[in-house]
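As structure tokens, the structure follows; a few thoughts come after it.
We did not get these values from a lab; they are worked out from the coordinates using the rules stated. As the structure is a computational prediction, the values presented were derived from the model and not from experiment. Heads up, the Cβs are rebuilt from the backbone with ideal geometry, glycines too, and the neighbour counts pull from every protein chain shown.
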Amino acid sequence: MPKFGVVVFPGSNCDHDMIYALETCMKQKAVRIWHKSTDLQGCDCIILPGGFSFGDYLRSGALSKFSPIMHSVTDFASNGGYVIGICNGFQILCESGLLPGALLMNANRKFICKNIYLKVQNRSSAVTQSAPVNGVLKIPIAHGEGRYYADSISLSKLNKENRILFRYCDAQGETTEESNPNGSLENIAGICNEAGNVIGMMPHPERAADELLGNTDGKYVLNSLIHAITKKRRTVI
């Protein structure tokens, strides 16, 4: 069984949601890792959860990149380990240089918290392999700085290398201006690095994994990740 490590920074508030989703909904093993630690505890996947690390002072995620744990996370990623950043975690990955681009303030200058639709753009990634046939997921967002931006060279590379994993869309899977909740370039909601083992996404799959919430589309993302890690472990063994 894969072992997940959920990093906790001062101000993280979605670590509990992620632990619950992994342990209760997905029946996986998960541990919390304090940001001042450098020990990843033998985890197969490291998750940087959502929240407001260090109060989002300076910029969202800008201070978290200096936490001791990020040295270990960077080394882990360099060696092929899976690292997933969700919402604030995505911001941290960009600030740390593990993913290109930046997350800017929403175009409407407001905090947005609602269910949105995602179009799966790359069905072969570690978080999309189990995506539904129509490739459309309903997943909640909750952020004030989720507008993805990258320079033209980085954006071209992301498209050319098929590293854009999710785009904001409508219920029919159309990526329109109206379906873009925060003004992200090209409706981008999630990307990965060149190797595909470092992934960032603004929507919260852990908040759509319990039947009591009336939405379990987040399980597609988590199931994909579990299968990818399990396959990798078998390959290594």
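In which sequence would Arg163, Arg234 go, from the one with the fewest C-beta neighbours within 10 Å to the one with the most?
Values: Arg163 21, Arg234 8.
Ordered by Cβ neighbours within 10 Å, fewest first: Arg234, Arg163.
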Return the long-range amide H neighbours of Gly190 (sequence gap of 5 or more, or a different chain), with a cut-off of under 5 Å between placed amide H atoms. Leu165, Phe166
Formal net charge of residues neighbouring Ala62 (Cβ-Cβ distance under 15 Å; K, R +1; D, E -1): -1
Simple spin-label estimate for Glu23/Asn115, 7 Å along Cα→Cβ, in nm, reads 2.7 nm
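What is the calculated FRET efficiency for Arg234 to Phe66, with r their C-beta to C-beta distance and R₀ = 25 Å, to the nearest 0.05?
0.10
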Taking K and R as +1 and D and E as -1, what net charge do the other residues with C-beta under 10 Å from the C-beta of Cys192 add up to? -1
Within segment 135-176, find all residues whose amide N lies under 13 Å from a label point positioned 7 Å from the Cα of Glu186 along Cα-to-beta-carbon. 148-168
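Tally Lys/Arg at +1 and Asp/Glu at -1 over every other residue whose Cβ is under 9 Å from the Cβ of Asp17; what's the total?
Details: positive: Arg207; negative: Asp15, Glu206.
Local net charge: -1.
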With only helices counted (DSSP H, runs n ≥ 4, each -39500 (n - 2.57)), the per-residue ellipticity at 222 nm for the chain, to the nearest 500, works out to -6500 deg cm²/dmol
Taking the Cα centre of the chain as the origin and placing charges on Cβ (Lys, Arg +1; Asp, Glu -1), which of Ala228, Gly144, Ser154 is farthest toward the positive end of the dipole? Ala228
Given points 7 Å out from each Cα along the Cα-Cβ axis, report the Arg123 to Glu177 separation in nanometres with one decimal. 3.1 nm
Relative pair counts by distance (%), Cα atoms of segment 3-236, 10 Å bins: 8, 37, 40, 14, 1
Mind listing the phi-derived Karplus ³J(HN,Hα) values for segment 206-222, rounded to whole Hz, using 6.51, -1.76 and 1.60 with θ = phi - 60°, and x for any glycine or proline? 5, 8, 9, 10, 10, 4, 5, 8, x, 7, 10, 5, x, 5, 4, 5, 5
Restricting to Cα pairs below 8 Å that are 6+ residues apart, what does the relative contact order work out to for segment 3-236? Please round to a whole percent. 20 percent
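By how many nm would the segment from Asp75 to Glu211 lengthen if fully extended, with 0.36 nm per residue of separation less the alpha-carbon distance? Let's see the in-between values first.
Details: separation 136, 0.36 × 136 = 48.96 nm, distance 3.65 nm.
Difference between extended and current length: 45.3 nm.
Below 8 Å, C-alpha to C-alpha, sequence gap of six or more: please give me the relative contact order for segment 74-134 in percent.
Numbers: 21 pairs, mean separation 8.3, N = 61.
Averaging sequence separation for qualifying contacts and normalising by length gives 14 percent for segment 74-134.
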In whole Hz and in residue order, list the ³J(HN,Hα) couplings for segment 107-117 that follow from phi through the Karplus curve 6.51 cos²θ - 1.76 cosθ + 1.60, θ = phi - 60°; x for Gly and Pro. 4, 8, 6, 10, 6, 10, 9, 6, 6, 10, 10
List the residues, sorted by chain then number, that are 5 or more residues from Arg32 or on another chain and whose placed amide H is less than 5 Å from its amide H. Val6
If amide hydrogens are placed 1.01 Å from N in the peptide plane, which non-local residues have theirs closer than 5 Å to the one on Cys169? Tyr117, Leu118, Lys119
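Could you pull out the pairs from Lys3/Lys110; Lys29/Lys232; Lys65/Lys119; Lys3/Lys65; Lys65/Lys157 whose alpha carbons sit more than 26 Å apart here?
On the way: Lys3/Lys110 36 Å; Lys29/Lys232 17 Å; Lys65/Lys119 29 Å; Lys3/Lys65 23 Å; Lys65/Lys157 24 Å.
Among Lys3/Lys110; Lys29/Lys232; Lys65/Lys119; Lys3/Lys65; Lys65/Lys157, the Cα-Cα distance tops 26 Å for Lys3/Lys110; Lys65/Lys119.
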